[in-house]
Structures are given as C-alpha cells and as structure tokens.
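All remarks here apply to the structure that follows.
The values are calculated or read from the model by the stated rules, or taken from the named source; none is laboratory data. The structure presented is a predicted model; accordingly, all values stated were derived computationally and were not measured. No Cβ is skipped: glycine too gets one built from the backbone with ideal geometry, and neighbour counts run over all protein chains shown. Surface areas here come from the heavy atoms of the whole protein model, side chains and all, with no ligands, DNA or RNA. Shrake-Rupley method; radii C 1.70, N 1.55, O 1.52, S 1.80 Å.
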Amino acid sequence: MADIFDEIDEELKQDRAKQAWARYGKYVVCAAAAVVLSVGASQGFTAWKQSQAEASADLYSQAMASDDAVTMLKASLDDLTDGYALLGRFRIAAGKAGEGDAGAAEGVYLEIAADASVAELYRDAATVLSVMNAPESSDLADLQDRLEPLANGSGPWRPLALELSAALDLKAGDRGAATAKLQEIIELESAPPELRQRAAQLARVLQS
C-alpha cells in the first residue's frame, strides 16, 4: 500500500513540475539566455578593447619610429584609443617645439588645455607647457593669467607654475614679485627638492 501512495505522490510531484514549467519555463529560459548573452557580451567587449589597445600601441609605435613622427601621428589620431591619442597630441606639440615652431607647439598645448574630455591633471600640464613653449614675443600678462589658477591653487603643478611665474616677473623687471614667489616655492612642502633648491639659489642671487 505504501508503494502505491509513493507512486501517486511521485506522479503528483511530476504533474506539479510540468504545470510549473509550463507556466514559468519561458521565464527561466529567458533569464538563462540573458545571463549567457551578458557574459558573452562582456567577454566580447573586453576582447575588443584589448584588440583596440594593441592596435593603437602598434600604430603609435610605427608613427614614432617613422622619419616624420609629427605628420604620422596627426594622420593616426582618429584611429588611436583615447590614451594613445592624448599621448600623441603631447608628442606632436613636443615635436613642433623641437622643430623650433614655438607658436605651433603652444597652440597644440592650448588645445589640450581647453579640451574638457581630457583629465584635469593633463589639461593643467598642457597649460604649463604652453607657457614654457610660448614664443618670445608673447604677451607676459597673458602668460601670467594662464599660470595664475595653478600658481595660486593646490594641485601638483603649483610649484612649477610658481617658478614660471617668477621667471615672467623677472622678464618684466619685477624682482620683488619674483622673490616672493620663489620664497613660496622654498616653503612649499609639496615642491620637489630640486625645484626648491633652484628657487633658493635664485632668491639668494636676487637678494644679493
């Protein structure tokens, strides 16, 4: 008798399972498919990103190894990933500076500094480099205006911005302003030791 009840109970369980599957099976299948597709898409995207990075690295290396790296980099920028494209832009500016074209170098650095899609750290670096590579005929007040937010801020480029600003003060004949900025560098704990040393040496010269 017990076997009969067991068989009946098993049949009822099977019937309930069939009913449950008939009612909810499509949702289970959809959920499983979504998981599989999600994993597949994620793996596919990762592989694509890796492929893009490798292609950009090869393209960048080829450009840098060419006889005219600046021209090659310009032609390749649209095909590079964001990181390599930014590095390429900095290299183009440096190349222009190396060719003696200060105006073109300054222009590229200013473009980077004004590009909101670029991280602030690199925009600030481009600002500093734009001043360092500005033509001799540049307006000193304009250069000081570029440096002012960095020289009076708290970012990593502050010490160098102060040094450049002091150099501009000296070029304008304002020894007092230059000395004050050099003293700021000397007292700035975040300033690299070699920069503080340069500032101290120049400050002593100005005070003698």
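Key figures for this structure:
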| quantity | calculated |
| --- | --- |
| Summed residue charge, Cβ within 12 Å of Pro159's Cβ, Lys/Arg positive, Asp/Glu negative | -1 |
| Whole-angstrom gap from the range 176-205 to the range 131-169, using each part's C-alpha centre | 15 |
| Value of relative contact order over the range 51-208, rounded to a whole percent, pairs C-alpha under 8 Å and six or more apart | 12 |
| Size of electric dipole in the range 116-208: Cβ of Lys, Arg +1 and of Asp, Glu -1, about Cα centre, debye, nearest 20 | 260 |
| Average accessible surface area per residue within the range 95-208, 1.4 Å rolling probe, Å² | 54 |
| Accessible surface ranking that places the most exposed of Ser130, Ser137 first, with a 1.4 angstrom probe | Ser137, Ser130 |
| Solvent exposure, largest accessible area first (probe 1.4 Å, DNA, RNA and ligands not counted), of Glu99, Glu189 | Glu189, Glu99 |
| Additional length obtainable on full extension of the chain from Gln201 to Ala141, 0.36 nm per residue less Cα span | 19.0 nm |
| For peptides 115-123, 59-67, 72-80, sequence by mean Cβ density within 10 Å, most packed first | 72-80, 59-67, 115-123 |
| Where labels lie 7 Å past Cα in the beta-carbon direction, separation of Ala75 and Arg123 in nm | 3.2 |
| Computed label-point distance, nm, for sites Ala172 and Asn152 using a 7 Å Cα→Cβ extension | 1.3 |
| For the range 123-208, convex hull of alpha carbons as volume per residue, Å³ | 88 |
| Probe 1.4 Å - accessible area at Glu136, Å² to nearest ten | 150 |
| Net charge over other residues, Cβ less than 11 angstrom from the Cβ of Ala102 (K, R count +1; D, E count -1) | -3 |
| Gained length - Leu188 relative to Ser61, 0.36 nm times residue gap less alpha-carbon distance | 41.8 nm |
